[in-house]
Amino acid sequence: MEKLAIDGGTPVRTKAPIVETDVFEQEEFDALMAVAKSKKLRRAEVTLEYERTIAEWFGTKHAIAVTSGTTALHIALAAFGIGPGDEVIVPPYTFVATDTAVLEQNAIPIFADVDPVLLTMDPEDVKRRITPRTKAIIPVTISGTPVDMDPIMELAKEHNLWVLEDACQSPGARYKGRLVGTIGHVGVFSTITGKNINTGEGGFVITDDTDLYEKMWGYMDFSRRRSLGPASKYHFDLPCTNYRITNMQAAVGIQQIKRLAQMNKTRTENAHYISEKLAGLPGITLPPEPEWGERVYFYYLIRLLPEVLGTDMLNFAVALAAEGVYNINYLSTTRWMIPQHLEPLFVNKAGYGGTKCPFECPWYEGKVEYYRGLCPVAEKACEEVLWLASVHPLLEKQDLDDVADAVIKVVNAFIEKKEKGIPINYATDAHRAALAY
Ligand SMILES: Cc1ncc(COP(=O)(O)O)c(C=O)c1O
């Protein structure tokens, strides 16, 4: 057996750690400089051009650029008319923003479990969670995997619900030929650094529904009415806020959208390269390719099979980190180990102003509790699915080799230790405490 670095062996990677970085070429620099020279830094013509570029790329009637994926989710829910007393069905295997956007409208996130392989919303469980208070469903295309949308759209039709696609991790993925984000009433995307499109911070919504577009536009900009043009400046007739982006982000975004297809292609090639190297390795499963569409790749996820490896994900991650290909802080910083319904925010029903509002509020006629066992599939996934590495387009072959070789090395060593009855205890109490929930 090759000695693991954590046992004193030589790490697979001795050169500098792999860093997440974004494609930012001469075109982005030039576009940014042009805005700087124009001295029109705030939302103006360049942002409108960005929105036209987005709408054209996705083939939708409308697009609105906003400050983040989170605020994109918020303006969509606001435009749907979601409010106090309403329930919105969300998945627990996602970034917390999907679920907290619902709280922004004083509505209640109701968690529906995910598919054990794809990790996307399970339509059967969505069906079980619908009540007379349900107003919307938010399916999330996690790390580029399209959700099975037909049954979700059917449920929505039957129960008169809005569908908000959280496609923050998947611009360019397709479900049965249709671009993810164009199937529900509104699709939302994040363009924060590290995502498939990068504008530093940012996000956007797309829709074919002109009424929703006008409403979302208002929520993006202090409830102003777009149709009134400059006169809209003094129309504030709804609760509202400011989610405008700058022309600087828009200028970068235009260039990023132009190179999105190529960047996605390279991400997929990187992911497939790792998959080819890991194919047939026992003890792990590789990222799924759903039958109903074409996925894109944000991160490369593997599932660890504890019964084969003889240990849990934390020991695996610590051993992998010692091989020089994994940053152990990822586990606690991205917190993908925690199903969202078990975050203290939900378990404690920590509401606004120190109250339990909206979870326990006179407007809400239901009763909601968040506890372990609520979504068992997602809970198990959080214990076993490792967000191994970004597959961003600037990775070199050596980086991909190092990631795959380190996984092979650790898997083989763990299996051998298991067969020999050698206990695996690499995770310290400090690691476990940092990740406890
Ligand atoms: C699935 C998902 N939804 C929402 C968000 C929120 O996007 P942002 O960070 O741009 O607010 C993110 C990512 O950050 C995400 O991955």
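Read-outs: derived from the displayed coordinates by stated rules, not from any lab. Keep in mind it's a predicted model, so treat the numbers as computed, not measured. Cβ sites come from the backbone with ideal geometry, for glycine too, and all protein chains shown count toward neighbours.
Points worth noting:
- Reachable lysines from Lys258, criterion Cα separation under 17 angstrom, eight or more residues apart if same chain: Lys195
- Computed from backbone phi, the HN-Hα couplings of the range 79-89 come to 5, 5, x, 5, x, x, x, 8, 10, 10, 8 Hz, rounded to whole numbers (Karplus: 6.51 cos²θ - 1.76 cosθ + 1.60, θ = phi - 60°; Gly and Pro given as x).
- Semi-axes of the equivalent ellipsoid for the range 58-109, Cα gyration tensor, largest first, Å: 20, 14, 10
- Measure of compaction for the range 16-159 (Cα Rg per 2.2 N^0.38 Å): 1.30
- GluC sites (Glu not before Pro) within the range 277-338: DSSP coil, no more than 15 neighbouring Cβ in 10 Å: Glu291
- Length-normalised contact order for the range 26-258 - Cα pairs under 8 Å, 6+ apart - percent: 27
- Of Phe359, Ser38, Val102, farthest towards positive along the dipole that unit charges on Lys, Arg, Asp, Glu beta carbons give the chain: Ser38
- Comparing Pro132, Tyr93, Leu228 along the charge dipole axis of the range 26-258, the residue lying farthest to the positive side is Leu228, per the Cβ-charge model.
- DSSP beta bridges confined to the chain are antiparallel in about 65 percent of cases.
- Taking each residue as 0.36 nm, the span from Tyr371 to Thr10 lengthens on full extension beyond its C-alpha to C-alpha distance by 125.7 nm.
- The label point for Asp237 and the one for Trp292, both projected 7 Å from the Cα toward the Cβ, are 4.0 nm apart.
- Between the range 44-121 and the range 408-434, the alpha-carbon center distance in angstrom: 39
- Simple Cβ-charge dipole of the chain, Lys/Arg +1 and Asp/Glu -1, about Cα centre, in debye nearest 20: 1020
- The range 347-394 and the range 202-249: distance between their alpha carbon centers, rounded to Å: 29
- Alpha carbon convex hull of the range 16-72, volume per residue in cubic angstrom: 142
- Cross-link pairs beyond the 29 Å C-alpha cut-off, checked among Lys380/Lys418; Lys127/Lys356; Lys127/Lys349; Lys176/Lys409: Lys176/Lys409
- Taken over the alpha carbons of the range 26-258 as equal point scatterers, the Debye sum produces base-10 log I(q)/I(0) values at 0.16 Å⁻¹ of -1.07.
- Shown here is the pair-distance distribution of the chain: with all Cα-Cα distances grouped in 20 Å bins from zero up to the longest one, the shares run 25, 54, 20, 1 percent.
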